[in-house]
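Comments concern the structure below.
Bear in mind that the values in this text are calculations on the coordinates, not laboratory data. Small disclaimer: the values here were computed from a predicted structure and weren't measured. Note that we place each Cβ from the backbone using ideal geometry, even for glycine, and neighbour counts take in every protein chain shown.
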Amino acid sequence: MAKFLLISGSPRAGNTEFILKKIFAVLPEEKELILLRQLKINRCKGCLSCDKSKKCVQKDDMQAIYPKMQSADVLIIGSSNYFDNVSGLTKDFIDRTNPFYQTGLLKSKKVFFIVVGGGKIQNSQRVVEALKYFADTHKLDVAGSYCFQALHLDDLANDPPMRKINQIIRAINIKAK
């Protein structure tokens, strides 16, 4: 059975988190949802220590995420669309995965992307491209990317796009095998 790790890079308990929680609720038992907004994750210092040691020298909550990423079979990463890019929390998270760069420790893990933004859906494709670059860097297998349009805090909760959410859940279950 696949082990799932869901990561929300939204700075608030809004639409991105709503979608991830809907997906989380129906996944098999081996799963965890990480809300980056609740953690202390420093920005990358650019010190390059991890280039040699393959470990980050910073002591924060990212240290607990590294082994979870390694042990997961499937990553599901959600980010809000901020100025047609990932949220600041998601960017800090991505930067802090540098210890995995050129290690192959994440190679071939399946990854799904969930992007939620208030602008036109096609603008969220720019966010997906940034996330795909992250995936390519770590040799992750991009199994799907899904964009939702929502601006206000509870837009998706008030009018849940259940057909699309169910499509995502089916795709995750099929591709996770």
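For Val116, the stated conditions do not hold, so it cannot be described as aliphatic (A, V, I, L, M) and out of contact with any Cys (no Cβ under 9 Å at 6 or more places or on another chain). Only one of the listed residues (Gln63, Gln70) is part of a helix (DSSP H, G or I) and touching a residue at least 24 places away in the same chain (Cβ under 8 Å). That residue is Gln70.
If you go through the stretch 119-136 and keep only what is in contact (Cβ under 8 Å) with a residue 40 or more places away in the chain and closer than 21 Å to Lys107 by Cβ, you end up with Ala130, Leu131, Phe134. For residues in the stretch 126-155 being in contact with a strand residue (DSSP E or B) (Cβ under 9 Å, 6 or more places away or on another chain) and charged (D, E, K, R), which is surrounded by the fewest Cβ atoms within 10 Å (Cβ to Cβ)? My answer is Asp136. Just so you know, in the stretch 73-99 the residues that are in a strand (DSSP E or B) and of a type in the set (Gly, Ala, Ser) include one that is surrounded by the fewest Cβ atoms within 10 Å (Cβ to Cβ), and it is Ser80. Among the residues of the stretch 47-85, those identified as over 19 Å from Lys109 (Cβ atoms) and either touching a strand residue (DSSP E or B) at 6+ places or on another chain (Cβ under 6 Å) or aliphatic (A, V, I, L, M) (or both) are Leu48, Val57, Ser80, Asn81. Condition check: under 13 Å from Leu5 (Cα atoms), buried (at least 16 other Cβ atoms within 10 Å of the Cβ), of a type in the set (D, E, K, R) and touching a Leu at 6+ places or on another chain (Cβ under 7 Å). Does Lys109 satisfy that? Yes, satisfied.
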